[in-house]
1. Give me the residue from the range 121-142 that is assigned to a loop (DSSP other than H, G, I, E, B) and within 16 Å of the ligand (Cβ to nearest atom) and, out of that set, nearest to the chain's Cα centre (by Cα).
2. Quick one: is residue 114 surrounded by 15 or more Cβ atoms within 10 Å (Cβ to Cβ) and under 20 Å from the mean Cα position of the chain (by Cα)?
3. Taking the range 317-343 on its own, how many of its residues are without any contact (Cβ under 8 Å) to a residue 24 or more places away in the chain and surrounded by 22 or more Cβ atoms within 10 Å (Cβ to Cβ)?
4. Between residues in the range 27-52 that are at positive phi and residues that are crowded, with 18+ Cβ neighbours inside 10 Å, which pairs lie under 8 Å by C-beta distance while being six or more apart or on different chains?
5. Give the residues of the range 2-34 that are more than 21 Å from residue 192 (Cβ to Cβ) and surrounded by fewer than 24 Cβ atoms within 10 Å (Cβ to Cβ), sorted by residue number.
6. Report every pair of residues separated by at least 6 positions or lying on different chains whose Cβ atoms are under 6 Å apart, first residue within the range 121-133 and more than 15 Å from residue 167 (Cβ to Cβ), second part of a loop (DSSP other than H, G, I, E, B) and more than 10 Å from the ligand (Cβ to nearest atom).
7. Determine which member of the set 176, 186, 154, 194 is touching a residue at least 12 places away in the same chain (Cβ under 8 Å) and away from the ligand (no atom under 15 Å from the Cβ).
8. For residue 314, indicate whether it is under 26 Å from residue 251 (Cα atoms) and without any contact (Cβ under 8 Å) to a residue 24 or more places away in the chain.
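The values are calculated or read from the model by the stated rules, or taken from the named source; none is laboratory data. All values reported here derive from a predicted model rather than from experimental measurement. Cβ: placed from backbone, ideal geometry, glycine included. Neighbour counts: every protein chain shown.
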Ligand code: UD1
């Protein structure tokens, strides 16, 4: 018998994976982490262990190496998988698409194949609001049509959603939920885990915190001439702990057999649109500091605005975002300070 209260977290050493491991353990699940540390290190695992007091098993394995990955299924009796292990840099994926297709597709195919071979039942896939592209109607619901992807990264998200849809339709013993993340930000309140990008951050909040810490000289705000109130882009910034809890809700739903069909999709956001300027100003205010920033040209590929209609997740998952933007931006700064030994 498989253990319904045990979850394999692939990519569990990373930013979203580590926070999710913590919330799973808090909810009474056993967690096994598999990660090849290609974009993370052991500090994520150590942070999870320190926060939870649980000696979480960690296996250093590449999910693309099916034989090696199969050993994890041999050794542990988890009935559910949350698959985070993937590359996620949009620009890099345009420059080197095959790197993204090979890694993101093959690892996901292996997960599903191994679930079938070893009789495991539930899977959560990390999808993204990127699948909506520049949507005609806002906020976007799960029924809003997907737009053709503009990067290989975005395309792997769409393709994996489709693989999951087809697999769950053909193999009814497998249930799947795709969570479409909006913009995850912030860190655990303990500041023991958080986002630690390698090299120059591509995303807004790590760039802000590194600028505040003096690691970067000046934040560039990409565009102030968009058709929005203050001219900067609008996004739905979701607190990382809230996002982690959405995964627990998704696993609970499948473990309890409450999912209405084999494959479901949920938006995971706050439902609130925040501009880049508003985010920067809120960061300055709640952390009582001044940020060095300038307006720069638009960044290629950015959409003007996207934020979530979260009605479905609120109702079906019984989940909603709870932490305020203020709390979240404080946690982001606390984490950066800890990483940089500030104060
Ligand atoms: C990006 C990806 C998205 C991916 C997500 C993963 C693009 C177009 N989209 O989302 O597909 O799922 O990351 O984390 O790359 N900004 C600045 N200055 C900066 C950095 C960002 O002004 O130094 C602005 C951007 O123009 C955007 C907003 O901040 O308006 C958020 O940017 P970012 O954090 O990179 O997230 P997305 O682009 O929304």
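1. 133
2. No: the conditions fail for residue 114.
3. The qualifying residues number 0.
4. 37/13
5. Scanning the range 2-34 gives 2, 3, 4, 5, 6.
6. 126/84; 131/146; 132/144; 133/147
7. On the way: 186 fails: away from the ligand (no atom under 15 Å from the Cβ); 154 fails: away from the ligand (no atom under 15 Å from the Cβ); 194 fails: away from the ligand (no atom under 15 Å from the Cβ).
Selected residue: 176, the only one of 176, 186, 154, 194 that is touching a residue at least 12 places away in the same chain (Cβ under 8 Å) and away from the ligand (no atom under 15 Å from the Cβ).
8. Values: under 26 Å from residue 251 (Cα atoms): yes; without any contact (Cβ under 8 Å) to a residue 24 or more places away in the chain: yes.
Here the answer is yes, as residue 314 does meet what is asked.
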